[in-house]
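**Q** After the structure tokens below, expect a handful of questions from me.
Read-outs throughout are calculated quantities, based only on the coordinates presented, and are distinct from any laboratory measurement. Nothing here was measured: the structure is a model prediction, and the numbers come from that model.
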Amino acid sequence: MNATPTTALPIASPELCSEEEVTRLVHDFYARVREEERLGPVFEGHVRDWPEHLAQLVDFWSAMLRGTRRFKGSPMSKHMAIDLEKDLFDRWLVLFHITTAECNNPPMQALADDVAARIADTFWRRYQMLRWPQVMLPVLGVPTKD
């Protein structure tokens with residue numbers, strides 16, 4: 001049996017991409033999100049200061065892609081307070097993949113897409129645990145009290 005070769009993901013480093021590329025990715029992506037029919041209202045309903053939010057997102061993605069350490073925050077708790085459906089996570093990822101493809105930096109795209117997929121998966125799993133623990137705990141093999 002022939003194994004499919006796997007390509008290692010790039011490592012976050014300053015050589016992977018520039019700060020300008022990170023900033024463009026974040027700004028282009030969230031401009032797209034804000035225009036999206038279903039995602040736009042969700043973000044508009046929760047983001048009070050877009051310039052501040054975008055600056056924080058640039059810091060986050062700079063940490064993920066370039067290894068910088070200036071991001072401060074705990075995004076999980078803020079996102080868990082929002083009422084979301086699985087298709088919104090999927091749509092977020094589709095828009096992200098479209099935007100990273102437009103960056104014309106394949107190594108950056110590969111790492112960014114991987115990180116985004118992991119974020120969406122983690123958020124969705126945590127969201128399910130908070131909303132439906134009686135369903136999710138048995139799926140994870142955790143006994144529940146009946």
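**Q** Dividing the alpha-carbon Rg of segment 19-135 by 2.2 N^0.38 Å yields what?
**A** Compactness ratio reported: 1.05.
**Q** Of all the Cα-Cα pairs you can form in segment 24-68, what percent are over 14 Å apart?
**A** The proportion of pairs with Cα distances above 14 Å equals 52 percent.
**Q** Could you give the length gained by full extension between ASN104 and GLN128, i.e. 0.36 nm per residue of separation minus their alpha carbon distance, to one decimal place?
**A** Gain on stretching ASN104 to GLN128: 5.1 nm.
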